[in-house]
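Notes for the one structure printed next.
The values are calculated or read from the model by the stated rules, or taken from the named source; none is laboratory data. Please read all numbers here as calculations on a predicted model, not as lab measurements. Cβ placement follows ideal geometry from the backbone for every residue including glycine, while neighbour counts extend to all protein chains displayed. Side chains included, ligands, DNA and RNA excluded: accessible areas come from the protein's heavy atoms. Shrake-Rupley method; radii C 1.70, N 1.55, O 1.52, S 1.80 Å.
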Amino acid sequence: MTQILILLHVLGAAVWVGGHVVLTLVVLPRARRANDPRVVQDFEQGYEPLAMPALLVQIATGIWLAVRAKPESVAWSDLTAFPVSHIALKLLLLFGIFGLAVHAKLRVLPQLEAGGIDVYAKHAWAVTVLSLGLVVVGVGLSTGGFF
Ligand code: HEM
């Protein structure tokens, strides 16, 4: 069961992180060169139906893996002890992504056509960096911890 959860978690990570890396390093520079926000909108329309289910898979498998990974001897309230320390950091990074995603949906995307590509780019970079942070902390969780 743990192997299936980890497999789904790694596949979800590949879709989520891979898509955001392509967005920031390929799609955004192209949209900027063409000065055409439709390049971003086209990518978003194709990627979003993959990205949202991938994020849901990450949350479901992540929480399940976290509950299985925590030994009885460590209390959830002990935020300095491994693995709770890493799980708490994962949740913090996830809440950061949620906040940015809601702000993008309500504020940034509606203003994209009116020259909001710079604000959108900052958002996309922030989500990508937080998502890479989730990968680093995740590898820490599966290898005994980075701190
Ligand atoms: C976009 C969101 C996320 C991404 C990209 C991500 C990515 C990863 C990656 C790449 C690994 C390493 C897999 C391995 O080495 O086997 C991992 C492991 C892990 N992640 Fe996540 N993760 C995300 C969200 C979450 C969430 C929300 C939680 C729960 C709080 C979580 C809990 C875990 C746990 C417990 C492990 C260790 C699994 C093991 O025992 O090997 N992840 N994550």
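General remarks:
- Acute angle (nearest 10 degrees) that the helix 38-69 long axis makes with the longest principal axis of the chain, alpha-carbon atoms: 10
- Comparing 53, 5, 111 along the charge dipole axis of the chain, the residue lying farthest to the positive side is 111, per the Cβ-charge model.
- Magnitude of the charge dipole for the chain, about its Cα centre and with charges confined to Cβ atoms of Lys, Arg (+1) and Asp, Glu (-1), is about 120 debye.
- 222 nm mean residue ellipticity, helices alone, for the chain (DSSP H n ≥ 4; -39,500 (n - 2.57); rounded to 500): -25000 deg cm²/dmol
- Given their separation in residues at 0.36 nm each and the Cα-Cα distance between them, residue 72 and residue 114 gain 9.8 nm when the chain is fully extended.
- The label-point distance for residue 4 and residue 147, in a model that sets each label 7 Å from Cα toward Cβ, rounds to 3.5 nm.
- Nearest-ten-degree value, helix 117-142 long axis tilted from longest Cα axis of the chain: 20
- Coil-residue GluC sites (Glu not before Pro) of the range 21-125, DSSP, other Cβ within 10 Å capped at 16: 72, 113
- Annotation for residue 35 and residue 88: the two label points, set 7 Å from Cα along the Cα-Cβ direction, are 5.0 nm apart.
- The portion of the accessible surface of the chain made up by carbon and sulfur, rounded to a whole percent, is 70 (1.4 Å probe; DNA, RNA and ligands excluded).
- Relative to the longest principal axis of the Cα atoms of the chain, helix 84-103 runs at roughly 20 degrees.
- Protein heavy-atom accessible surface, 1.4 Å probe, per residue over the chain: 60 Å².
- Bins of 10 Å, starting at 0 and running to the largest distance - Cα pair percent for the chain: 11, 39, 29, 16, 6, 0
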